[in-house]
Amino acid sequence: MRSPKDFFKPLAVGAPAPRHEIPFRPSRMIHFFPPSNEKMRSKVPDIVPQVDVLLANLEDGVPATDKEAARAGLVEVAQNTDFGETQFWTRVNSLDSPWCLDDLTAAVLEAGEALDVIMIPKVEGPEDIHYVDRLLAQLEAKAGLSEPLMIHAILETARGVANVEEICLASPRMQGLSLGPADLAANRRMKTTRVGGGHPDYLVRQDPIDGDIESDRTIYQQDLWHYTIARMVDACGTAGILPFYGPFGDIADVVACEDQFRNAYLLGCVGAWSLHPKQIDIAKRVFSPSPESVAHARRVVEAMGDGTGAIMLDGKMEDDASCKQCQVVLSLAKELADRDPELAEAYGF
Ligand SMILES: CC(=O)SCCNC(=O)CCNC(=O)[C@H](O)C(C)(C)COP(=O)(O)OP(=O)(O)OC[C@H]1O[C@@H](n2cnc3c(N)ncnc32)[C@H](O)[C@@H]1OP(=O)(O)O
Ligand SMILES: CC(=O)C(=O)O
Ligand SMILES: [Mg+2]
């Protein structure tokens, strides 16, 4: 383990100094597109203003035969797009794949000026982050970058979940984590056969009515991902980095997608992935506090004065702790409103 004194030193001569804080930028949706697909690439200028994060995906979802084309597409988009306030990320192939080294090299040397974050899939432990950390420093020095690239890891193996705290604390480059429900399900040998969301057979059933097990008992579908998301949120909070829900594969089921995203929002996630244009507005809506919750938070904070003590408001006890929750909602609302005039108006800022 590195000495805490060395933690913020660059890992290569000439590399930029690591950041001490993750800069706040709206990140309500990470919008995936396959940069090997010319039609999708041509849509980039239209999509950029609609999303908080645009991600050029090189990994799963891109056929093996298109890996080089995807890498070239990433570079083309990086070099020819005006991203404005929108972040630009890429997901490289996994560290054990034949493509990862070339992906990272091209990403930093040819797209590094435009990129904010590099997403690393199938991270198993801090050793994976240490490898990427040093390699990025060497490449940044070679490219002459003035800002360090950040790392976002996907939590999608059982070992990764077991090591989640160490992964989050492995480098000052760590920006956040996403839940990878599809690979995680496969790695854990779950029997779900879908990309995220619930499963009708994962349930609890009401007790027998009048002792009759054949009676018409209500069933309650349970959340397969609660444990992992909650653990990921705590690990990210400990390290001062950002948790995200990942993909929701049932594109047609916009209702269940919204439910899944909202559960993640309420548990502490800052955003989710959008795989299809239909999911962009869902994420924007869910991960922006509602005007009602902002109005309520403002009332509580104003009524609480210096934020200490206990008061009654509308029949409910409010105190230091509920005030802090309201401050979380208010500060997110303010940060989003600073960048979105429609939200600013809806919130009355
Ligand atoms: C488990 C994981 O790792 S998840 C991450 C990996 N998977 C991905 O990244 C998938 C990303 N999404 C996609 O590739 C596509 O959305 C698909 C393949 C799922 C569906 O694509 P299509 O069959 O074209 O969907 P559909 O016909 O509904 O698309 C409607 C329009 O939206 C466009 N579109 C679809 N997805 C996207 C996208 N992600 N970004 C931009 N535009 C898109 C289509 O090109 C189409 O445009 P058109 O009306 O001009 O023809
Ligand atoms: C997100 C992702 O990569 C997965 O679910 O496998
Ligand atoms: Mg995956």
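Of everything listed in (1) open to solvent by less than 10 Å² (accessible area, probe 1.4 Å); (2) closer than 16 Å to M174 by Cα; (3) not aromatic (F, W, Y), the single unmet condition for E59 is (2). For segment 160-208, filtering for residues that are assigned to a loop (DSSP other than H, G, I, E, B), within 16 Å of ligand 1 (Cβ to nearest atom) and surrounded by 23 or more Cβ atoms within 10 Å (Cβ to Cβ) leaves 2.
One residue stands out among those in segment 34-44 that are open to solvent by 50 Å² or more (accessible area, probe 1.4 Å) and not hydrophobic (A, V, I, L, M, F, W, C): the one that is farthest from ligand 1 (Cβ to nearest atom), which is E38.
Pairs are defined by a Cβ separation below 8 Å, a sequence spacing of at least 6 or placement on different chains, a first member in segment 148-164 that is more than 21 Å from I22 (Cα to Cα), and a second member that is away from ligand 2 (no atom under 15 Å from the Cβ) and of a type outside the set (V, I, T); the pairs so defined are R159/G125; G160/G125; V161/R231; N163/G125; N163/P126.
Just a yes or no: is a residue in segment 289-297 under 22 Å from the mean Cα position of the chain (by Cα) and either farther than 28 Å from L58 by Cα or outside the structural domain of T238 (by TED's automatic domain parsing) (or both)?
Filtering segment 289-297 for residues under 22 Å from the mean Cα position of the chain (by Cα) gives 289-290.
From what is left, the residues that are either farther than 28 Å from L58 by Cα or outside the structural domain of T238 (by TED's automatic domain parsing) (or both) are 289-290.
Among the residues of segment 289-297, at least one is under 22 Å from the mean Cα position of the chain (by Cα) and either farther than 28 Å from L58 by Cα or outside the structural domain of T238 (by TED's automatic domain parsing) (or both), which makes the answer yes.
Applying the criterion of at least 3 residues that are buried (at least 22 other Cβ atoms within 10 Å of the Cβ) and touching a His at 6+ places or on another chain (Cβ under 7 Å) to the strands (runs of 3 or more DSSP E) found wholly in segment 223-317 leaves an empty list.
To keep it simple, each residue is scored yes or no on (1) in contact with an Asp or Glu (Cβ under 8 Å, 6 or more places away or on another chain); (2) without any contact (Cβ under 8 Å) to a residue 40 or more places away in the chain; (3) of a type in the set (K, R).
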| site | (1), (2), (3) |
| --- | --- |
| P289 | no, no, no |
| V301 | no, yes, no |
| M304 | yes, yes, no |
| G315 | no, yes, no |
| D320 | no, yes, no |
| K324 | no, yes, yes |
| Q327 | no, yes, no |
| K334 | no, yes, yes |
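Looking only at residues of segment 179-228 that are closer than 24 Å to R262 by Cα and of a type in the set (D, E), we find that the one that is farthest from ligand 3 (Cβ to nearest atom) is D201. Restricting segment 97-129 to residues that are open to solvent by 20 Å² or more (accessible area, probe 1.4 Å) and within 16 Å of ligand 1 (Cβ to nearest atom) leaves a set whose member that is nearest to the chain's Cα centre (by Cα) is K122. Just for segment 145-159: of the residues that are farther than 15 Å from D116 by Cα and away from ligand 1 (no atom under 16 Å from the Cβ), which one is most open to solvent (accessible area, probe 1.4 Å)? Checking each candidate, the answer is R159.
For beta carbons closer than 8 Å, sequence separation of 6+ or different chains, a first residue in segment 69-83 that is in the same structural domain as V48 (by TED's automatic domain parsing) and part of a helix (DSSP H, G or I) and a second that is open to solvent by less than 10 Å² (accessible area, probe 1.4 Å) and of a type in the set (D, E, K, R), the qualifying pairs are R71/D103.
Matching residues to (1) of a type outside the set (G, A, S); (2) surrounded by 13 or more Cβ atoms within 10 Å (Cβ to Cβ); (3) within 16 Å of ligand 3 (Cβ to nearest atom):
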residue: K5; (1), (2), (3): yes, no, no
residue: A12; (1), (2), (3): no, yes, no
residue: R19; (1), (2), (3): yes, yes, no
residue: P23; (1), (2), (3): yes, no, no
residue: D46; (1), (2), (3): yes, no, no
residue: D66; (1), (2), (3): yes, yes, no
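Of all residues assigned to segment 183-198, none qualifies as being under 30 Å from F8 (Cα atoms), of a type outside the set (S, T, N, Q) and either within 15 Å of the chain's Cα centre (by Cα) or not assigned by TED's automatic domain parsing to the domain that holds L135 (or both).
The values are calculated or read from the model by the stated rules, or taken from the named source; none is laboratory data. Given the structure is predicted, the values throughout are model-derived calculations rather than measurements. Here the Cβ is made from the backbone with ideal geometry for all residues, glycine too, and neighbour counts use every protein chain on show. For accessibility, only protein heavy atoms count, side chains too; no ligands or nucleic acids. Shrake-Rupley method; radii C 1.70, N 1.55, O 1.52, S 1.80 Å.
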